[in-house]
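One structure below.
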């Protein structure tokens, strides 16, 4: 799956992944801060109420992924560069608490994180190219004839 910023689209043919109640109950067992949900640890993790509320339905997943990623970048401009795509469902708890994971949907949040990672990789490549170009220009303008 290609998650580069310019051509990323959530895969609509992927089945929705519904995680068990046990997954959400175990959220506090992990030592992760849920940095985005807790505003970098300044707020406590939110608990899921019982009965469980209805989660959000994403009617425009690609646009919503882009919007959520832009919101995270605006709110956490330094931390966004350290985002890594989770390799398992529990990895979401690095960034989001059980409440946000449930309400927004784990698959949606994975898509957001993958999109952020793709944008970061693209920006880093662009920065490297700009540095190379600037260095070459400096070398050429400072050569002695």
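Has the stretch 6-25 got at least one residue that is in contact with a helix residue (DSSP H, G or I) (Cβ under 6 Å, 6 or more places away or on another chain), crowded, with 16+ Cβ neighbours inside 10 Å and modelled with pLDDT of 85 or more? Scanning the stretch 6-25, I find at least one residue that is in contact with a helix residue (DSSP H, G or I) (Cβ under 6 Å, 6 or more places away or on another chain), crowded, with 16+ Cβ neighbours inside 10 Å and modelled with pLDDT of 85 or more, so the answer is yes. Being without any contact (Cβ under 8 Å) to a residue 24 or more places away in the chain and in a helix (DSSP H, G or I) is the requirement here; does residue 72 meet it? Here the answer is no, as residue 72 does not meet what is asked. Considered as a group, the residues in the stretch 87-107 that are without any contact (Cβ under 8 Å) to a residue 60 or more places away in the chain and assigned to a helix (DSSP H, G or I) include one that is surrounded by the most Cβ atoms within 10 Å (Cβ to Cβ), and that residue is 92.
Checking the stated criteria, residue 38 turns out not to satisfy the condition of being surrounded by 10 or more Cβ atoms within 10 Å (Cβ to Cβ) and assigned to a helix (DSSP H, G or I). Any residue at all in the stretch 120-129 that is crowded, with 17+ Cβ neighbours inside 10 Å, touching a helix residue (DSSP H, G or I) at 6+ places or on another chain (Cβ under 9 Å) and farther than 23 Å from residue 44 by Cα? Scanning the stretch 120-129, I find at least one residue that is crowded, with 17+ Cβ neighbours inside 10 Å, touching a helix residue (DSSP H, G or I) at 6+ places or on another chain (Cβ under 9 Å) and farther than 23 Å from residue 44 by Cα, so the answer is yes.
The values are calculated or read from the model by the stated rules, or taken from the named source; none is laboratory data. This one's a predicted model, so the numbers in the text were calculated from it and none came from an experiment. Quick reminder, even Gly has a Cβ in these numbers, built from the backbone with ideal geometry, and neighbours come from all protein chains shown.
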